[in-house]
Amino acid sequence: MLKEGTMAPDFTLTADDGRQVSLADFRGRKVILYFYPKADTPGCTKQACALRDVYPDIDGQGAVVIGISPDPPEKLVKFREKHNLPFILLSDPDHQVAEAYGAWGEKKMYGKTSMGIIRSHFGIDEEGRLMEVELKVKPQTTADLALRLVRP
C-alpha cells in the first residue's frame, strides 16, 4: 500500500493520441491521477465528466489530470471525443501501473468475485510525492478530491 509522503511510482504509458507519457514529464506541477475500470461505462463516464466539469479550476491552478484504464488507446480516443474530455487518458493494458499503485485487485460485484481496476484517486505534488491516496472511491467524489488538492 502506497503512503502519503512517499514518491509516486513513475511510469510511461501510451496516451489516446499515441504519444508516450511519463509521470516524470509533469514534475513541477501537481498531478491528479485516477484509475477507472472501463471507458464509456456508466460509473466511469460519471467520474470522467465530473472531472471535465471542474477541469477549468484544476487547470487554472496549473495542475494536470491523468486518467488510467486498461482500455486500448483507440477506445480512449472514442471516450475522449464522445464526452469532450480535456485531460490525458492513458492505456495500461497489462495493469502494471495499476498494480504499482495498488489500484488492481479483487473486486466483488453482484456476488461475483473478479480481478480488476479498483477505482482510485491519487494526488501527487510538484516533486513527485504522494499527497493523497484514496482507493475504492465513488465516481462522484473524484472531482471533489481533485479540487481539494488544488484550491489555495
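What the table below lists for this structure:
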{"quantity": "The chain: radius of gyration over Cα atoms, expressed as a fraction of 2.2 N^0.38 Å", "calculated": "0.95"}
{"quantity": "Chain lengthening between ASN84 and ASP25 when straightened (0.36 nm per residue, less Cα-Cα)", "calculated": "18.9 nm"}
{"quantity": "Cross-link pairs LYS82/LYS107; LYS46/LYS78; LYS78/LYS136; LYS38/LYS107; LYS82/LYS108 - those with Cα-Cα distance over 18 Å", "calculated": "LYS82/LYS107; LYS78/LYS136; LYS82/LYS108"}
{"quantity": "Choice from HIS83, HIS121, HIS95 showing the highest fluctuation, given a GNM over the chain with Cα pairs closer than 10 Å", "calculated": "HIS83"}
{"quantity": "Within-14-Å neighbourhood charge of PRO93 [Cβ basis; K, R +1; D, E -1]", "calculated": "-4"}
{"quantity": "Derived scalar couplings ³J(HN,Hα) [region 34-47; Karplus, 6.51 cos²θ - 1.76 cosθ + 1.60; whole Hz; x for Gly, Pro]", "calculated": "9, 10, 9, x, 7, 4, 6, 8, x, x, 5, 5, 4, 5"}
{"quantity": "Sites LYS112 and THR6 - FRET efficiency at Förster radius 30 Å, r taken between beta-carbons, to 0.05", "calculated": "0.35"}
{"quantity": "Computed label-point distance, nm, for sites ASP57 and ASP17 using a 7 Å Cα→Cβ extension", "calculated": "2.6"}
{"quantity": "Between region 92-118 and region 11-70, the alpha-carbon center distance in angstrom", "calculated": "18"}
{"quantity": "Amide H partners (placed H, <5 Å) of VAL65, local residues excluded", "calculated": "ILE32, ILE88"}
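Rule-based calculations on the coordinates, nothing more; no lab input. Worth saying up front: this structure is predicted, and the values here are computed from it rather than measured. Neighbour counts are summed over all protein chains in view; Cβ atoms, including those assigned to glycine, are modelled from backbone coordinates with ideal geometry.
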